[in-house]
Amino acid sequence: MNNSKVSDKDVSKVQDDPQRQDGSPRHYDIVVVGAGLIGAAFALRMARIFADNASSNSKDKPCKIALLEARAVPSPVTPSATHFDPQVVALTEASRQWLDALDVWQACRDRACPYSRMSVRDGEGTGCIEFDAAEVQRANLGHIVENSLLRASLLDAIGEQGNIDLFCPVTVESLLRDGETTIVNLSTDEQLSTGLVVAADGANSPIRAQMGFELRTWGYEHSAITATLKAQKAHGFTARQWFTPSGPLAFLPLRASAQAAPTEAHYVSIVWSQTPERAERLMALDDAEFCRQLTIVSEGVLGTIEEVSQRLQFPLTQRHGVDYVQPGIALIGDAAHTIHPLAGQGVNLGFSDARVLAEELQRALQAGSAFGGLQALKRYQRRRKPDNLAMMATMEGFKRLFEREELPVRLLRNMGMSGLNRLSPLKNSLIRQAMGLT
Ligand SMILES: Cc1cc2nc3c(=O)[nH]c(=O)nc-3n(C[C@H](O)[C@H](O)[C@H](O)COP(=O)(O)OP(=O)(O)OC[C@H]3O[C@@H](n4cnc5c(N)ncnc54)[C@H](O)[C@@H]3O)c2cc1C
C-alpha cells in the first residue's frame, strides 16, 4: 500500500482490514479513478451521501469509497500578492453554489476573483457585447479560481471524511468484470473489488480506453497558452475575450485577497488559443515581445502588459464519449468529454456530471438497488449528454464563425454582436445560461 501524503497533510489512512489477512481484495462500494477537480468533488459528494445514509439507517453497513490518483499532488501555490497558479478556471454561479454546499468554497473565497462584467469583442472589427451582472440583478457573473487552490480545498475536505481512502500515487493496471463485481488491479500489486468504477481520469482516460468506450474526436488544430500577466491598468473585475481569426484570447481577472484594494488588482490569467505553429512561435518569444504582442491583441484596454509569468501550452482536442456508461462503470468530467476552453465550461460541465451521477446513485441507494446497475447509470447519461453536446456544438459554432475572414461574414458578425448588445431579454437569457442558472 502506498498511501502517500497529499498537500503536506495525511489526507487519509487506509485502516488495517481484517478481511485482508486472507488475501481477498479489499472491497469498496465505489472506486473513483482520478483525484482531479471532478473526481475529488464527486468522491466528496458521495462520501457525504453515504455518511448521511449511515446515520439515518444505523443497521446498514457504512459504505466506503476508494479514490485513486496517479500523480503525487503538488502543494498548492503559496498565496502571494504577485504569484498565481497559471492554471485557473472560470466557475459559474451554479458550480460555486454546489462547492459551497460541499463546504469547500469557504477555503477559496478570499482569493477567488469575482467578475461582475464580461466583454466579448471581435478583434477584427467593431463588434462588441458587454454583459453586466446588474442586468440580471446579480452581484457577479462568476469567479476565477486557481486550480491548485480549489483542488487543495477539495482534498482537505476529503481528508476529513472517514469513509474515503485515498491511494496516491497509484495507477489501475486492469479491470476485470465478474458478474456484479469489478476487480481493480493496482500498480502496487493490490486488488480492490467494487460494484462501481467511476472514471474521472481526464481527457486521455486510460480506463475509457481499457474498457473500449467509443469516442468521437475532433481536432481543433489549436493549442492554448496559459500564463499570468501584470497589466498597467486595474482589470475592473471584468472578464474579457477577443475573437481573432487565429483564435480567441481571454483575460480572466485575479485577486490576491478580498482585502486588496480594487485599484491594485492588475493581475489577469490568460488563455490564448492559436494554431499549433503560431502557439510555438509565441512560446519561443522572449517575455518583452510576448507582452508587446498581448498589448496589441488586447487593444491596449488594460494599457501596457508589463510582466508575464511562466507560460504553459496545452494541445486542444474536442472529444465526446458515444456512451458514458457500461455495467459497473461510468465516465465523468474530461474522461467523458473535452471542450474548447474559449467558453470556460469544462470544469462546470464536469461538476454537473458529478452532481447528477451522485443524485442518481443516491436514488439507487434509497431504493436498495445496486450502484453499478445500468438503470441508474443510464439515467445519469440521459440527463447529462444533451447538455454537454449542446455546449460543445455552441462553442464549435462560435469558433468557426470567428475564424471566417470574408468581409460579408465580418460585417454580419459585427452587426449581430452590436444588435444582440441592445436586445435585453435575449442578452439576459444568455447571461443566465453562462452562469449555469437555467
Ligand atoms: C488551457 C485550459 C483552460 C481551461 N479553462 C477552463 C475554465 O476557465 N473553466 C472551466 O470550467 N474549464 C476550463 N478548462 C477545462 C478544465 O481544466 C477541465 O475540464 C478539468 O480540469 C477536467 O477535470 P477532470 O478532473 O475531469 O480531469 P483532470 O484534471 O485531467 O484530472 C484527471 C486526474 O486523473 C489522474 N489520472 C489519470 N490517469 C489515471 C490512472 N490511470 N489512475 C489514477 N489516476 C489517474 C490524473 O493524474 C489527474 O489528477 C480549461 C482547460 C484548459 C486546457
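Scoring 183-195, 336-348 by mean Cβ neighbours within 10 Å over their residues and listing the highest first yields 336-348, 183-195. Each peptide in 33-42, 216-225 was scored by the mean count of other Cβ atoms within 10 Å over its residues; highest first, the order is 33-42, 216-225. Amide H contacts for T171 (H built 1.01 Å from N in the peptide plane; partners 5 or more residues away or on another chain; cut-off under 5 Å): S187, T188. Reported to the nearest whole Å, the Cα centre-to-centre distance from the range 294-320 to the range 160-228 is 31.
Packing here is the average count of other Cβ atoms within 10 Å per residue, and on that basis the peptides 205-215, 232-242, highest first, run 232-242, 205-215. How would you classify the range 267-358 from its alpha-carbon gyration tensor, with a ≥ b ≥ c the square roots of the eigenvalues: rounded for a/c under 1.5, else prolate if a/b is greater than b/c, otherwise oblate? Prolate, because a/c is 1.5 or more and a/b exceeds b/c.
Label separation (M283 vs S257): 3.6 nm, computed from points 7 Å beyond Cα along the C-beta direction.
Does the range 319-392 come out rounded, prolate or oblate by the C-alpha gyration tensor, with a ≥ b ≥ c the root eigenvalues, rounded set by a/c under 1.5 and, if not, prolate when a/b is larger than b/c and oblate if not? Here the range 319-392 falls in the prolate category.
The residue among V301, M283, V322 whose Cα reaches farthest toward the positive pole of the charge dipole of the range 242-327, with charges on the beta-carbon of Lys, Arg, Asp and Glu, is V322.
Look at the Cα gyration tensor of the range 92-240: its axes a ≥ b ≥ c give a/c of at least 1.5 with a/b over b/c, and that counts as prolate. Modelled spin labels at W218 and A370, positioned 7 Å past Cα toward Cβ, are 3.7 nm from each other. The dipole here belongs to the range 149-220: it is taken about the Cα centre, uses +1 on the Cβ of Lys and Arg and -1 on the Cβ of Asp and Glu, and is about 380 debye.
Just so you know, all these numbers are worked out from the coordinates, no wet-lab data involved. As the structure is a prediction and not an experimental result, all values here were calculated from the model. Every residue, glycine among them, receives a Cβ derived from its backbone with ideal geometry; neighbour counts consider all protein chains shown.
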